[in-house]
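Here is the structure we will look at.
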């Protein structure tokens, strides 16, 4: 009887064995990925929630409390158009906007997400996401503004690969706190809060914060990011000013 056993030293056997192992390992990795992806997605979402809460000066020491805290303080998500009008207020519509791709769209197609928040003293704040470029990669953050849209209440910034001790210092609380109470309007006109070299002032009489020492490009990136991302919200911020003025009459 003919021996049908394959020679384990043959090229055919080695190729078949390798192919089978690749398929099996790939299948196992795919199953692991599918099982872990919901947890990974939730971790990414929680990190995003923590950054938004940080812009509101809310700190969560326990990661398990992040989602509950977010749902406590953020009371509404919505998108506004170029005229400042709300065009979509469905659940999580602002939270789900991917700013990395959103900022690349033309002005007519770009989404303008806003998160309406109520802090512990009962006052209303609005959080706006920002996205730009640093020295070595993307930088992003969240800017909270007061209910009348005139001043910055808080800010949080993050980065992908800025230099430790230099550009990476945009994540330090002292730098982020320097934006608090900075004005977005001067004499009724919208002005960007610029990041300028210490000892200098912007030419538009607007508010400013000192740049990070040794991180000129990253500091300029934060300044450019704020200008590019906050300027489209001018009509919305002016709408808040008008609404606030009416409530005080």
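Please work out which residue is nearest to residue 125 (Cα to Cα), limiting yourself to the stretch 48-63 and to residues that are surrounded by fewer than 13 Cβ atoms within 10 Å (Cβ to Cβ) and modelled with pLDDT of 80 or more.
Initially, the stretch 48-63 is screened for residues surrounded by fewer than 13 Cβ atoms within 10 Å (Cβ to Cβ), giving 59, 61-63.
Still in the running and modelled with pLDDT of 80 or more: 59, 62.
Working: 59: 16, 62: 24 Å.
My answer is 59.
Each row is one residue, and each column tells you yes or no for (1) out of contact with any helix residue (DSSP H, G or I) (no Cβ under 9 Å at 6 or more places or on another chain); (2) part of a helix (DSSP H, G or I); (3) within 21 Å of residue 148 (Cβ to Cβ).
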position: 15; (1), (2), (3): yes, yes, no
position: 18; (1), (2), (3): yes, yes, no
position: 23; (1), (2), (3): yes, yes, no
position: 34; (1), (2), (3): yes, yes, no
position: 46; (1), (2), (3): no, yes, no
position: 75; (1), (2), (3): yes, no, yes
position: 101; (1), (2), (3): yes, yes, no
position: 122; (1), (2), (3): yes, no, yes
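Within the stretch 30-84, how many residues turn out to be farther than 18 Å from residue 129 by Cβ and either in contact with a strand residue (DSSP E or B) (Cβ under 7 Å, 6 or more places away or on another chain) or in contact (Cβ under 8 Å) with a residue 60 or more places away in the chain (or both)?
Result for the stretch 30-84: 1.
The values are calculated or read from the model by the stated rules, or taken from the named source; none is laboratory data. Just so it is clear, the structure is predicted and the values come from calculations on it, not from any experiment. Please note: Cβ atoms are built from the backbone with ideal geometry, for glycine as well, and neighbour counts cover all protein chains shown.
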